[in-house]
Structures are given as C-alpha cells and as structure tokens.
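Structure first, then comments.
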Amino acid sequence: MKVFALIAITTCAVFNGIAQTNLVPNPGFENVVNCPTGIGQLYNTTDWTNPNNCSPDFFHQCGTMGSGIPANSFGSQAAKSGQGYSGFYSFNFWVNDERDYLQVRLIDTLEANKYYKVAFYVSLADNAQYGISNLGVLFSNNIVYTTQCDLLNYTPQLLNPISNPLTNKTQWMLIEDTLYAQGGELYMTIGNFMTDSLSDTIFISGQGWAASYYYIDDVSVTDIGWVGEKELVNEGMRFSVYPNPANSKIIISVKNNTSSSINFTIQNTLGEIVVQGNFYTNEFAIDIAALPKGIYFLRVENMVQKIVVE
C-alpha cells in the first residue's frame, strides 16, 4: 500500500511554503467523552458524527464490552497510532445497501482552486467475510444527513480504485488521494457510496459475518497549495513550466542556460521517479500522457516545481 515518502512532504513544505496542518480534528479518535461500553458509541469520541441512522463504532483502550483495543467485537487490531480508532460497515450481505458512514466538520473551510492531500488508514476486521475496494470520501459545504440506515445518495469526489483491494486484516492500509477544492467545503464524509450491485465486493473467507467491516484511524486533510505557471531561479538559470495543470505534455522553458545538458526528473508524492531524462535546447516538451492523475514534482537540475496531471 502507498506510504508518504519524506521527500514528498519535504518538497511541499520547502518549495511551496505551506505548513502541513491537518484540517481534521481528532484525526485518530483519541479524545474520549466517556469510555465506550459497547459497540455503536461513536458519540463517546469528539468531533465525529453519524450522518445516517446506522451505528458506526468507537474503540479505545479504555473501552469495555467489545469496544476495547486491541481485542473487540469484530476481531483484534492495535491502533495505527495512539489509543483509539473507529469502525464501520461498508457492505452487509443480508441487508440491501446498508451502510455506516463517518462525518467530521473540518477545522476550516477549503479554499477554491487549491489542492489538498487526503489520507486515512483502514484495516479489514477479522470477522468480516468480505472486503471491498470502493471506499469513498465526500466533501460538502453543509452537513450530510438522512434518517435512514442505508446508502447516502451522493457522489464522492475521491474513490479508492478497484486496483487497490482493501483485504488486509493484519496491517493498516493507507488510502490517499488529491482533492481539487471548489471552495467552501467544510464537512468530510467517509464510507461506501456505491450500491451493493456496483460495489466491488471480494470474498475473503467462510468464517465470520457476511459483511465488510473496517477499522479506520489517522485521518488527514492537508493543504498543498495552488498550482500554476511559475518561474524558478538557480544561480542565473531560470525555468518555467506550462501548461500546469496538464494532461498530455508539459513544456520546460529555460532562460540563461549555460549548460550543454540539463537533467530533469518527475517524482510522484511517494518520492518515486516516474519520468527522467535530459535535454539540450532552451525549450523541451515532456510526454506525461501515461501518468495517472495527481500531484508530481518536476526537478530541473536542483530546482523543483510542483505540477498537476489532470
């Protein structure tokens, strides 16, 4: 599963001047109103709410009657960090389109035309017979709520891909993506927004419950800034990159080039080099059509520019 590399975090902070402040309050479900005394007690942690009439769970080391950590009513799992986490049903074989969701009010509204890194960890419960891939994240300006214990009829902006099945019962799996904010988003809702017929359910084992249930921990939304054409300077040499965002190619334009060969790399947010090469002219086109959508970092010699593939 994908994990942030130090180089990605460092590059964002240094070259964009953006503090990596998590906009999710109580991201690890650490805050206790009262120690949980059973399942269905999300109300015993702060900030997180239930947007429908189902019953997501709160687990804590001080919990009793099946709400403890690591052992609880759904299996055994240590917290990703700290002493708490939550849990929710994303699929139930016996009840059509029954869903749990988790909702939180962000610390601040998202700003239009900015990019935000969204990440959280999940682990499939030991007692779950099914896993899924299509967990989604919905951002909204207002509270999402229904009085029914069923599917929320919304389209999430972010969706874990089918190529990343969430089937691990022993390790925490990182789900991460980049959100392009429209502006004004204040609420974040996590869960399965697909109907049963469209959900990518994966049968794991014959023991346990005919359902998909996930623990969740360490939820984050961090500002990674505006992206646009920008000129960088290094010891007299300047370069700009355009268009940005782009979907097929980017063009590097170099001024005051005194070198016969200029090296470049493109890295993803994991710090992996996905494109590299060199060029000899003052203007050079790089084919990015094969890159998945997302945030990347273009390094020209020792200068770095954030780019977006859309």
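Bear in mind that the values in this text are calculations on the coordinates, not laboratory data. Since the model is a prediction, treat every value here as computed from it, not as a measurement. Here the Cβ positions follow ideal geometry from the backbone for every residue, glycine too, while neighbour counts run over all protein chains shown.
Under the rule of -39500 (n - 2.57) per DSSP H run of 4 or more residues, summed and divided by the residues of the chain, what mean residue ellipticity at 222 nm is obtained, to the nearest 500 deg cm²/dmol? Display every interim value, and only then the final one.
Values: 1 runs with 11 residues, N = 310.
Rounded to the nearest 500, it is -1000 deg cm²/dmol.
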Just want the answer: with Cβ charges of +1 for Lys and Arg and -1 for Asp and Glu, which residue in GLN305, LEU186, PRO25 is farthest toward the dipole's positive end in the chain? GLN305
If you take Kirkwood radius over Cα pairs in Å from the coordinates, which of [x] 21.0; [y] 22.3; [z] 20.0 do you get? [x]
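For ASP47 and SER253 in the same chain, what is the full-extension length gain: residue separation times 0.36 nm, less their Cα-Cα distance, in nm? Spell out each step's value before the answer.
Details: separation 206, 0.36 × 206 = 74.16 nm, distance 4.77 nm.
Separation in residues times 0.36 nm, less the Cα-Cα distance, equals 69.4 nm.
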Relative to the longest principal axis of the C-alpha atoms of the chain, give the angle of the C-alpha long axis of helix 6-16, reported between 0 and 90° and rounded to the nearest 10°. 60
Could you tell me which residue out of ASN44, VAL104, TYR242 lies farthest along the dipole of the chain toward its positive end? Charges go on the beta carbon: Lys and Arg +1, Asp and Glu -1, centred on the Cα centre. TYR242
Here the gain from full extension of ASN141 to ALA289, 0.36 nm per residue of separation minus their alpha-carbon distance, amounts to 50.0 nm
Taking the number of other C-beta atoms within 10 Å as the exposure measure, put ILE224, ILE69, ILE204 in order starting with the fewest. ILE204, ILE69, ILE224
Can you sort TRP209, TRP94, TRP48, TRP172 by how many other beta carbons sit within 10 Å, fewest first? TRP94, TRP209, TRP172, TRP48
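Can you give the extra length, in nm with one decimal, that the chain gains between THR281 and ALA78 once fully stretched, where that is 0.36 nm per residue apart less the Cα-Cα distance? Numbers along the way, then the final one.
Values: separation 203, 0.36 × 203 = 73.08 nm, distance 5.48 nm.
This chain segment gains 67.6 nm when fully extended.
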